[in-house]
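Colleague: Below you will find the structure I want to go over with you.
Each value in this text was obtained by applying a stated rule to the coordinates, not by laboratory testing. Note that this is a predicted model, so its numbers are computed, not measured. Don't worry about glycine lacking a Cβ; one is built from the backbone with ideal geometry, like all the others, and counts go over all protein chains shown.
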Amino acid sequence: MNLEKLPRHVAIIMDGNGRWAQQHSLQIARGHQAGVESLRDIIRESSDLGIHTLSLYAFSTENWRRSPAEVSALMALLLRYFASEIDELDEKNVRIRILGDKSGLPEPQRIAVTNAEERTRDNTGLNLCIALNYGGRQEILRAAKSLAKKAREGNLDPDAIDEAAFSDELYTAGLPDVDLLIRTSGEQRLSGFLLWQCAYAEFEFPSTLWPDFTLKEYHQALEEFQGRDRRYGGRK
Ligand code: FPP
């Protein structure tokens, strides 16, 4: 793996857990469980490669519409994940950030993720962003409301609102824009993930279902990115 020109910010939509479970005649929860195994490997590798930020779409604001059994399986996995991984992540100098509205999470999950954020706050390695109860439009509206309030209170000149000021109101404040977005399972949609931050992102849509996504395929996506010609609307 050529370590030059790696993306600074990789975002992943981990799609296909349900289809994987179906293919293996297993309950959906087992698909998500298998998805956590993939996620573990990808996080470790991103940290080892020196990637600056990795963002994972774990639970959208729309995912509450799934069956209560599936929602509670995902919430249980989340708790288990933080309990079992936090020591290793902290040792690896990973900083955890939650993207999304934590207040809408059940209390045990809210406490676990907040503790993980606080415990790893001063870490300087991989920034690991986990999107939970996240929606891209919701994130943008929240930023707009926050700026509007500051303006109403007289603390902000509306003419001073530029891209940097807006970015600072997003969950990803202080982090770079997304360079590479990967969505597994062959679906080619953004589903509201990091709408603002993906303005100039490169996209990769491997057909592999998330639980089958290997480090080899991750490397392939990174190499493909390294070969892309990014012009940001300019000309070479
Ligand atoms: C999409 O697959 C995946 C999700 C909605 C959840 C992703 C969550 C995890 C991998 C595990 C939980 C996360 C953490 C951080 C512990 P799908 O169910 O929509 O797949 P389908 O389209 O094949 O049905």
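Colleague: Of all chymotrypsin sites (Phe, Trp or Tyr not before Pro) in the range 154-236, which ones are in loop regions per DSSP and have a Cβ with at most 11 other Cβ atoms within 10 Å?
Modeller: Details: sites: 166, 171, 193, 196, 200, 203, 213, 218, 225, 232; in loops: 171, 193, 196, 200, 213, 232.
Listed in order of number, the matching sites are 232.
Colleague: Also, quick follow-up: Rounded if a/c is under 1.5, else prolate if a/b beats b/c, else oblate: with a ≥ b ≥ c from the C-alpha gyration tensor eigenvalues square-rooted, which is the range 1-83? It would help to have the intermediate numbers written out before the result.
Modeller: Working: a/c = 2.28, a/b = 1.98, b/c = 1.15.
Verdict is prolate for the range 1-83.
Colleague: To continue, here is another question. For the range 62-174, restrict the atom set to alpha-carbon positions and state the Rg and Dmax in Å.
Modeller: 16.5, 48
Colleague: Okay, next question. With +1 on each Lys and Arg Cβ and -1 on each Asp and Glu Cβ, and nothing else charged, work out how big the dipole of the range 75-179 is about its Cα centre, in Debye to the nearest 20.
Modeller: Working: 14 positive and 20 negative charges, 96 e Å.
The dipole magnitude comes to about 460 debye.
Colleague: Same structure, new question: Would you calculate a helix-derived [θ] at 222 nm for the chain, using -39,500 (n - 2.57) for each DSSP H run of n ≥ 4 and dividing by the full residue count, to the nearest 500?
Modeller: Values: 7 runs with 101 residues, N = 236.
Computed ellipticity for the chain at 222 nm equals -14000 deg cm²/dmol.
Colleague: Hey, another quick one. Round to a whole angstrom and tell me the spacing of the C-alpha centers of the range 141-168 and the range 198-236.
Modeller: Between the Cα centres of the range 141-168 and the range 198-236 lies a distance of 33 Å.
Colleague: Rounded, prolate or oblate for the range 191-234? Axes are the square roots of the Cα gyration tensor eigenvalues, ordered a ≥ b ≥ c, and the cut-off for rounded is a/c under 1.5. Before the final figure, lay out the partial values.
Modeller: Working: a/c = 3.37, a/b = 1.40, b/c = 2.40.
Here the range 191-234 falls in the oblate category.
Colleague: Any of 5/102; 5/216; 5/145; 102/216; 216/236 with alpha carbons more than 26 Å apart? Name them for me. Can you show the working numbers first?
Modeller: Working: 5/102 34 Å; 5/216 18 Å; 5/145 36 Å; 102/216 34 Å; 216/236 31 Å.
Distance filter (> 26 Å) returns 5/102; 5/145; 102/216; 216/236.
Colleague: How high is the FRET efficiency from residue 138 to residue 5, r the C-beta distance, R0 41 Å, rounded to 0.05? All intermediate terms of the calculation are to be shown ahead of the outcome.
Modeller: On the way: r = 33 Å, r/R0 = 0.81.
E between residue 138 and residue 5, to the nearest 0.05, is 0.80.
Colleague: Starting with the fewest neighbours, write out 167, 191, 84 ranked by other beta-carbon atoms found within 10 Å of each beta-carbon. The partial results should precede the final answer.
Modeller: Details: 167 17, 191 14, 84 11.
Placing the least packed residue first, the sequence is 84, 191, 167.
Colleague: Kyte-Doolittle mean at least -0.5 and Cα extent at least 15 Å along the axis: which DSSP H helices of the chain qualify?
Modeller: Taking the DSSP H segments of the chain (at least 15 Å long, mean hydropathy at least -0.5), we get 28-49, 68-91.
Colleague: Full extension from residue 24 to residue 114: what is 0.36 nm times the residue separation minus their Cα-Cα distance, to one decimal in nm? Can you show the working numbers first?
Modeller: Working: separation 90, 0.36 × 90 = 32.40 nm, distance 3.48 nm.
Extending this stretch completely gives an extra 28.9 nm.
Colleague: What does the charge dipole of the chain about its Cα centre add up to, to the nearest 20 debye, if the Cβ of each Lys and Arg holds +1 and the Cβ of each Asp and Glu holds -1? Show your work: numbers first, answer last.
Modeller: Working: 30 positive and 36 negative charges, 110 e Å.
For the chain, the charge dipole is close to 520 debye.
Colleague: Given 114, 161, 35, which one lies farthest toward the positive end of the charge dipole of the chain, if we put +1 on the Cβ of every Lys and Arg and -1 on the Cβ of every Asp and Glu?
Modeller: Value computed over the given set: 161.
Colleague: While we're looking at this one, here's another question. In whole Å, largest first, what are the principal axis extents of the Cα atoms in the range 144-236?
Modeller: 53, 36, 20 Å, listed from the longest principal axis down.
Colleague: Counting alpha carbon pairs within less than 8 Å and at least 6 residues apart, what relative contact order, in whole percent, applies to the chain?
Modeller: Details: 356 pairs, mean separation 68.7, N = 236.
Computed value for the chain: 29 percent relative contact order.
Colleague: Then there is this: Could you give P(r) for the chain, binned at 10 Å from zero, as whole percent values over all Cα-Cα pairs?
Modeller: 7, 30, 37, 19, 5, 0
Colleague: Further question on the same structure: Averaging the inverse of every distinct alpha carbon separation and then flipping it gives the Kirkwood radius. What is it for the range 141-194, in angstrom units? Write out the running numbers ahead of the final one.
Modeller: Working: mean 1/r = 0.0754 Å⁻¹.
Across the range 141-194, the inverse of the average 1/r is 13.3 Å.
Colleague: Packing-wise, with mean Cβ within 10 Å as the measure, how do 182-189, 125-132, 101-108, 204-211 rank, highest first? It would help to have the intermediate numbers written out before the result.
Modeller: Numbers: 182-189: 17.5, 125-132: 23.8, 101-108: 12.9, 204-211: 20.0.
Going by the mean number of other Cβ atoms within 10 Å, highest first, we get 125-132, 204-211, 182-189, 101-108.
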